[in-house]
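Here's the structure we're looking at; comments come further down.
None of the figures in this text is laboratory data; all of them are computed from the coordinates on show. Predicted model only: the values in this text are computed from it and were never measured. A quick note on method: Cβ atoms are made from the backbone with ideal geometry, for glycine too, and the neighbour counts reach across all protein chains shown.
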Amino acid sequence: MEDIAQEAGMSRAALYLHYRNKQDIFRSLVQGYFEQTEQRMQAVLSSGVKPKAALLAAFSAKLGPEMEALLNSAHGAELLDANFSAAGDIVATGEARLIAILADWLRREAEAKRITLAAGDGDAEALAATMIAALGGLKAPGVSFDGLRASAQRLALLFARGLKA
């Protein structure tokens, strides 16, 4: 907590006025990550760009600067492992919101005949859940942010090809 307070430019006592412990700080950071990611994904999927560009941007939005800071941190792998034990409820809720945003976009694009949902048996929700799960599965111990970003781009292109109308 002393290190966190120092980095935040405050005293340890001041830090404890806002957070009970490191787990509380971590949960707050995870919540903030999902709020920011939701806003970024909403923005890129509402921008009217072509489906391939939209998926590339949406997957990039999911990674975001928070993930870059995490993966470039000396404790990034440890924090990713702690993710579900300390903030599993926040992760589940956040991922469900991202799936809903992506599913809504898939439905709109299919209705406009810019994509087909045939690869997902017409189920936008299931397809969106698969996309988010696949994107999350790219995070592995030892993977750099640049490596993760490159893998996410390949994954977005693969899904975009499968959605081609």
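Helix 124-137 and the longest principal axis of the Cα set of the chain meet at an angle near 50°.
Taking the C-alpha atoms only, the angle from helix 51-71 to the longest principal axis of the chain is near 10 degrees. Summary of the geometry: segment 10-59 and segment 115-165, compared by the centres of their Cα atoms, lie 20 Å apart. Note on segment 17-65: the C-alpha convex hull projects to 3.8 nm² when averaged across all orientations.
Restricting attention to the chain, lysine pairs at least eight places apart or on different chains and with alpha-carbon atoms under 18 angstrom apart total 7.
Across segment 29-36, coupling constants 3J(HN,Hα) worked out from phi with the 6.51/-1.76/1.60 Karplus curve, θ = phi - 60°, read 5, 5, 4, x, 4, 5, 5, 5 Hz, and Gly and Pro carry x. Rounded to the nearest 10 degrees, the angle from helix 76-111 to the longest Cα principal axis of the chain is 30 degrees. Taking amide H as placed 1.01 Å from N in the peptide plane, Ile115 has its amide H under 5 Å from the amide H of Ala110, each at least 5 places away in sequence or on another chain. What you get for the chain, charging only the Cβ of Lys and Arg (+1) and of Asp and Glu (-1), is a dipole of about 720 debye around the Cα centre.
Which of Val44, Val143 has the fewest other C-beta atoms within 10 Å, and how do the rest follow up to the most?
Working: Val44 21, Val143 17.
Ascending number of Cβ neighbours within 10 Å: Val143, Val44.
Stokes-Einstein diffusion of the chain at 10 °C, 1.306 mPa s viscosity, Kirkwood radius from Cα pairs, rounded to a whole number: 93 µm²/s.
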